[in-house]
1. Anything in region 76-94 that is free of Cβ contacts under 8 Å to residues at least 40 places away in the same chain and in a helix (DSSP H, G or I)? List them, or say none.
2. Is one or more of the residues making up region 26-46 closer than 29 Å to ALA160 by Cβ, in contact with a His (Cβ under 8 Å, 6 or more places away or on another chain), at pLDDT below 90 and surrounded by 19 or more Cβ atoms within 10 Å (Cβ to Cβ)?
3. List the residue pairs whose Cβ atoms are under 8 Å apart, where the first residue sits in region 124-146 and is not hydroxyl-bearing (Ser, Thr, Tyr), the second is not in a helix (DSSP H, G or I), and the two are 6 or more positions apart or on different chains.
4. Inside region 127-139, can you point out the residues that are of a type outside the set (Ser, Thr, Tyr), surrounded by 13 or more Cβ atoms within 10 Å (Cβ to Cβ) and either out of contact with any Leu (no Cβ under 8 Å at 6 or more places or on another chain) or at pLDDT below 80 (or both)?
5. Does LEU164 satisfy the criteria of being out of contact with any strand residue (DSSP E or B) (no Cβ under 7 Å at 6 or more places or on another chain), of a type outside the set (S, T, N, Q), within 26 Å of VAL277 (Cα to Cα) and crowded, with 18+ Cβ neighbours inside 10 Å?
6. Please find, within region 96-107, the residue that is farthest from ALA13 (Cα to Cα) out of those that are without any contact (Cβ under 8 Å) to a residue 24 or more places away in the chain and in contact with a helix residue (DSSP H, G or I) (Cβ under 9 Å, 6 or more places away or on another chain).
7. Among the helices (runs of 4 or more DSSP H) contained in region 234-309, which hold 2 or more residues that are modelled with pLDDT of 75 or more?
Amino acid sequence: MTSSDSRRAIVGAIVGLLYGSVLALWSLLLFGGGHATSIPLFLSSAPLGALFLVGKLFGQPYIGYGYNAALLGAPLVWAALGLLVALPGRTRTLAQVLVLLHYASGLALLTTTAEEATRLRLPGVWSVFVMWSAVYLAGQAALWSWIKAGSEWRRAIVGAMVGLVYGSILAFLSIGAIGGGHGTSIPLFLSSAPLSALYLVADADAGREAALFAMLFSAPFVWAALGSLAALSGRGKRLTQVLVLLHYASGLALVAMTVGGLGDVLPADLRRAPELVIAWATVYLVGQVALWWRMSRSAPHQPSLPQVS
C-alpha cells in the first residue's frame, strides 16, 4: 500500500472501532445482565455473535465467555470492515461482500432470539433500543455512502461518523450521570445544546420526560452534523465555528436557566455521580480540542501573489 492508502486504512479502522464500541455499549445496556434483550448484541457483532450461541450449548461458565466474546467482537468486526472499506479497488469489493455476510448472519442469529422481541416492551428498554437502532442505521448509511461518494463527500461522511460516535459516547455517559434522577442532568443539557431547549418548553412531567429522551437521542446527531461540517473545507469551516459557539452559548444558558445558577447547585449535584461526570467532562473537552484542531487544519489555502521585481 502507498502511504495515502495506509492513512486511509488507519482512519477507517479507527472509525470502525469507535463505531463498534458505541454499538457494544448500547448493547451492553440493553442486555441488562440477561434480563432484557440480546438482539442488539447479535446484530452488532454478527457473525461473531454466534459465539454466544456456542456458549449456550455448553452452559455456564461458557455462556459468560460467549457473551464477552460477542461483546468484544463488535468493535473488532467494524474495525476490520472500516479498514477494508477505506481502501480502493478489490479490497472495497471484499468489504461489501463481508458487510452483506454481516447482515445475513445477523438475521440468522435473530431467529434464535425471537422470544426476546417481547422484552422490548419493558419500561426503558424500547427507548434505548431506538437509540441503538438510530446509531446502527446511521453507520450503515454512512458506510454505503462512502463506497459511492467522491473525496469531499467522503471527508464529510467520516466527520459525520466521528461526530455520531462522539455524541453517542456523551449521551451514554450522560445517562450514568443522571443516575435514575438522583444525579445531574447538566452533561445531557450541554451535550445536546441547543436542542436541549425542548426541556424548557415542556410544561408537564410527561412532557419533560419525553423532552429528556429527545435530548438523549439528539446529542449524537448534533455532533454528527458538526463533525460533517468541520470535515469540509472552505466556507463550511466558518459556518461550523459559528454553530459550535452557538452550542456553547446555548448550553451554558440552558444550564443556568435549569438549575437556577451553578454556584450553589452544581457542587452538591456532582457529588452524586462524580466518576461519570468526570469521564463525561474528559470526553467532552477532548472532543472540543479535536474539533477546533480540525477546523484550524481545514482552513482554505490562500495562494500567495507572485512578487514583482
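1. Once the filter is applied, which keeps residues that are free of Cβ contacts under 8 Å to residues at least 40 places away in the same chain and in a helix (DSSP H, G or I), region 76-94 yields ARG90, THR91, THR93, LEU94.
2. yes
3. Close Cβ pairs (under 8 Å, with a partner that is not in a helix (DSSP H, G or I)) amount to VAL125/ALA36; VAL125/THR37; PHE129/THR37.
4. Within region 127-139, VAL128, VAL130, MET131, ALA134 qualify.
5. So LEU164 passes the test.
6. That would be LEU107.
7. 235-259, 274-297
The values are calculated or read from the model by the stated rules, or taken from the named source; none is laboratory data. Predicted model only: the values in this text are computed from it and were never measured. Neighbour counts run over all protein chains shown; Cβ positions are idealised from the backbone, glycine included.
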